[in-house]
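Since the structure comes first, as structure tokens, the remarks are kept for the end.
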Amino acid sequence: MATRIYVTSAEGGTGKSTIAVGLLETLKGSVARVGVFRPITRTGPDRDYVLEMLLERASAELDYEACVGVGYPELHENPDAALARILERFAAMEDACDAVVVLGSDYTDVGSPTELETNARIAANLAAPVLLVLGGRSEGGAFRTAASLAGLAHVASEELRVEHAAALATVVNRADPAALGDIAEAVAASIGVPSWAIPEDSELTAPLLRHVLTAAEASMIAGDEAGLDRPVRDTVVAAMSLDNVLPRLTEGAVVVVPGDRSEVVLGALMAHLSPTFPALTGIVLNGGFPLAEGVQRLIDGLGAALPIAGNALGTFDTAVRITRARSRLAADSPQKYATALALFERHVDAAELVRRLSLPASPVMTPLRFEHMLVERARADRRHIVLPEGDDDRILQAAGIVLQRGVAELTILGDEAAVRSRAAALGADIASARVVSPTDPELHARFAEVYFEARQHKGISHQAAEDTVTDVSYFGTLMVHLGLADGMVSGARHTTAHTIRPGFEIVKTAPGVSVVSSVFLMALADRVLVYGDCAVIPEPTVEQLADIAISSAATARQFGIEPRVAMLSYSTGESGSGADVDRVRAATELVRSRAPELPVAGPIQYDAAADPTVGESKMPGSDVAGRATVFVFPDLNTGNNTYKAVQRSAGAVAIGPVLQGLAKPINDLSRGALVRDIVNTIAITAIQAQASGGTA
């Protein structure tokens, strides 16, 4: 039977999807297969977007239909039959899970004083302890006091008790930031279970511009569509002269302007572009008036990213529709998801929740669980990473997630005004990042001198050194070399050679290592393997193969993988001969002499290394055959093709390439890297920096 936990609230508008996000990620760190179940949800053509969002991040293999109990009409028509159906549906899906987050109803279609009773009854029948979510604000909008929340918790817990449901813990969400401790203490004392309080966050409660424009029936006229994912924090009705509009502009506001007031449109746009005024989220031109041709040409010529949209509604109707637009919380965007997760991680004792659920430790390492482990390891001892490609949207979005979750401290290279402006347009909060220009006078002069001293024996002139260090890859590498950052992640816009060449020239190899190589961390369905070298050395020598094996084993240990090294060839043991086999055989003996404690077998074929039955047949008695975790390929051609074949054919998640052998960590990204890949690589680089002792 899967471990179950039922997340419900005592009223609507508590933001319990934020809590579900944090709980889901917490459970993924403890068990392999975490599922999600919605006992009651809306019916109709539109799917439950919260369930879809959670399923995208769950680690159990489940489709949407399997995770739905009944609709609200079915519940109203026959509650007992609906409960039976919910239990039947849950039983059908839980075998695919080790743990299930059950997310209660939303107070949208039931919306009665009996709704908590309904959820409690379902929880009791599912034998699922309840994580009770309370709202930190009253219906009037004011923050609730600790005493009033304690009273609400007591009443809610009594309702749970009457229905024989057990409260596991309580979370007060959207609470008064100035009273979190008092609130948690009062609620815990009231109902006798652990309680935590999460402060209100304006980003989570604010709807995105794209949803605001949909609500207002507005279509884009000008600007960058990337800005549609920015939160709308205020609404300013600008049906007045420009002199009166300008003092009313606020940070993150959408400005509603009659379409025939060209001077107000241009004034609001100029204010947004000016550093002396707040940055807006968008402009909505109402009334159905087309912009004058000259005004449209002027706006197009400015090239401003600020989204400008238009509709045919009047000012009042437009403003009302905008103010009624509802935030979809973590389902809106990766940035909102990261914010929700960061709030949960910061304010809820996840370890205590797991302890109370009595979850057994699982030896299975799924891709999602491995990614969770990477982030947790990086967060535990934060390091400083430099990102040279501040002109790439994916880098900025990843930076926002990394900073929100506390994975690492960041320096981003680029023009500060341009980088911060673009990040704001993307809705990425990089306020805590340092942004440095590669032409910064003080650093440029220092770096040029260091690079000149390091490379003058190669005939480089001082002028050439000054030119070279303005390159972002060299600038970032010199930051790492001089201890201004602990590691570097680049490659979203640059080739592998461009990213790692400065490392070869400046950082050089670690003591005892003769060559820089790479591995891919191959996350299969139930374990993580290490493949090397698949990206750097085309035809490794005997000594280089031995270096790759020893470095790959050390990398495996860094990421919690017990190294058992297979030196791959087309022959196993003594069954074959030839130059290629002899090279692998000699490299294996060199590994044994240099690292006698390391389990290693070679030459060995892949099937004998990976499959226990084949391994016992071809290399009986080996402590590596059939159990290998580190696979060292004889050349780049074999390694690169094999990792891609496994990635595409077996559905493995290939994380890398992770560079190894440099004295300080520098990692390369694929130019097709997704935001998720970049976040993972930053976490990996931070973990490598922990091992190398970096403390920038």
Practice item. Can you confirm whether segment 499-506 contains a residue that is of a type in the set (A, V, I, L, M, F, W, C), open to solvent by 40 Å² or more (accessible area, probe 1.4 Å) and either under 22 Å from SER670 (Cα atoms) or touching a Leu at 6+ places or on another chain (Cβ under 8 Å) (or both)? Key: yes
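Determine whether segment 232-254 contains at least one residue that is under 34 Å from the mean Cα position of the chain (by Cα), open to solvent by 50 Å² or more (accessible area, probe 1.4 Å) and of a type in the set (S, T, N, Q).
The answer is no, given that none of the residues of segment 232-254 is under 34 Å from the mean Cα position of the chain (by Cα), open to solvent by 50 Å² or more (accessible area, probe 1.4 Å) and of a type in the set (S, T, N, Q).
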Check your understanding: Are there any pairs, at least 6 apart or on different chains, whose C-beta atoms fall under 9 Å, with the first in segment 274-300 and under 16 Å from ILE221 (Cα atoms) and touching a residue at least 40 places away in the same chain (Cβ under 8 Å) and the second open to solvent by 50 Å² or more (accessible area, probe 1.4 Å) and part of a strand (DSSP E or B), and if so, which?
Key -> THR281/ASP234; LEU285/ILE221; LEU291/ILE221; GLN296/ILE221; ILE299/ILE221
Exercise for review: Filter segment 651-668 down to the residues that are under 24 Å from the mean Cα position of the chain (by Cα), at pLDDT below 90 and in a loop (DSSP other than H, G, I, E, B), then identify the one that is farthest from TYR606 (Cα to Cα).
Suggested key: GLY651
Check your understanding: If the Cβ limit is 8 Å and pairs must be 6+ apart or interchain, which residue in segment 233-248 that is modelled with pLDDT of 90 or more pairs with which residue that is open to solvent by 60 Å² or more (accessible area, probe 1.4 Å)?
Key -> ASP234/GLU251; THR235/THR323; VAL236/ARG248; ALA238/ARG248; ALA238/ARG261; LEU242/GLU263; LEU246/PHE277
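Given the options GLN690, GLN647, name the one that is surrounded by fewer than 19 Cβ atoms within 10 Å (Cβ to Cβ), in a helix (DSSP H, G or I) and more than 20 Å from the chain's Cα centre (by Cα).
GLN647
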**Study point:** Selection within segment 136-155 - under 24 Å from THR205 (Cβ atoms) and touching a helix residue (DSSP H, G or I) at 6+ places or on another chain (Cβ under 6 Å)
**Key:** ALA146, LEU149, ALA150, ALA153
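For a quick check of your reading: which helices (runs of 4 or more DSSP H) sit entirely within segment 363-480 and have at least 3 residues that are open to solvent by 10 Å² or more (accessible area, probe 1.4 Å) and in contact (Cβ under 8 Å) with a residue 24 or more places away in the chain? Reasoning before the result, please.
Numbers: elements: 367-380, 393-405, 416-426, 441-455, 462-468.
Output list reads 367-380, 393-405, 416-426, 441-455.
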Check your understanding: What's the number of the condition SER617 fails, among (1) over 16 Å from GLN605 (Cα atoms); (2) in a helix (DSSP H, G or I)?
Key -> (1)
Check your understanding: So which residues in segment 29-44 are open to solvent by 10 Å² or more (accessible area, probe 1.4 Å) and in contact (Cβ under 8 Å) with a residue 40 or more places away in the chain, if there are any at all?
Key -> GLY29, SER30, ARG33, ARG42
**Study point:** Set VAL100, VAL162: member being surrounded by fewer than 17 Cβ atoms within 10 Å (Cβ to Cβ) and among the hydrophobic types (A, V, I, L, M, F, W, C)
**Key:** VAL162
Exercise for review: Answer yes or no: is there a residue in segment 615-625 that is within 39 Å of the chain's Cα centre (by Cα) and among the hydrophobic types (A, V, I, L, M, F, W, C).
Suggested key: yes
Review point. If you check GLU574, GLU562, GLU597, GLU589, which single one turns out to be within 31 Å of the chain's Cα centre (by Cα), surrounded by fewer than 17 Cβ atoms within 10 Å (Cβ to Cβ) and of a type outside the set (Gly, Ala, Ser)?
Key: GLU562
**Study point:** Matching residues in segment 233-253 - criterion: being farther than 23 Å from GLY427 by Cα, assigned to a loop (DSSP other than H, G, I, E, B) and polar (S, T, N, Q)
**Key:** SER241
**Study point:** Hits in segment 60-96 - residues which are surrounded by 11 or more Cβ atoms within 10 Å (Cβ to Cβ), of a type in the set (Asp, Glu), under 32 Å from the mean Cα position of the chain (by Cα) and not in a loop (DSSP other than H, G, I, E, B)
**Key:** GLU94
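For segment 13-27, state whether one or more residues are surrounded by fewer than 23 Cβ atoms within 10 Å (Cβ to Cβ), more than 23 Å from the chain's Cα centre (by Cα), at pLDDT below 90 and assigned to a loop (DSSP other than H, G, I, E, B).
Within segment 13-27, the subset surrounded by fewer than 23 Cβ atoms within 10 Å (Cβ to Cβ) is 13.
Subset that is more than 23 Å from the chain's Cα centre (by Cα): 13.
Those still in the list that are at pLDDT below 90 too: 13.
Subsequent filtering for residues that are assigned to a loop (DSSP other than H, G, I, E, B) retains 13.
Yes; the residues of segment 13-27 include at least one that is surrounded by fewer than 23 Cβ atoms within 10 Å (Cβ to Cβ), more than 23 Å from the chain's Cα centre (by Cα), at pLDDT below 90 and assigned to a loop (DSSP other than H, G, I, E, B).
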Point to revise | Test: residue in segment 139-159 that is within 30 Å of the chain's Cα centre (by Cα) and not basic (Lys, Arg) | key: no
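The values are calculated or read from the model by the stated rules, or taken from the named source; none is laboratory data. Since the model is a prediction, treat every value here as computed from it, not as a measurement. Positions of Cβ are backbone-derived with ideal geometry, glycine not excepted, and every protein chain shown enters the neighbour counts. Side chains are part of the model used for accessible areas, which takes the heavy atoms of the whole protein and leaves out ligands, DNA and RNA. Shrake-Rupley method; radii C 1.70, N 1.55, O 1.52, S 1.80 Å.
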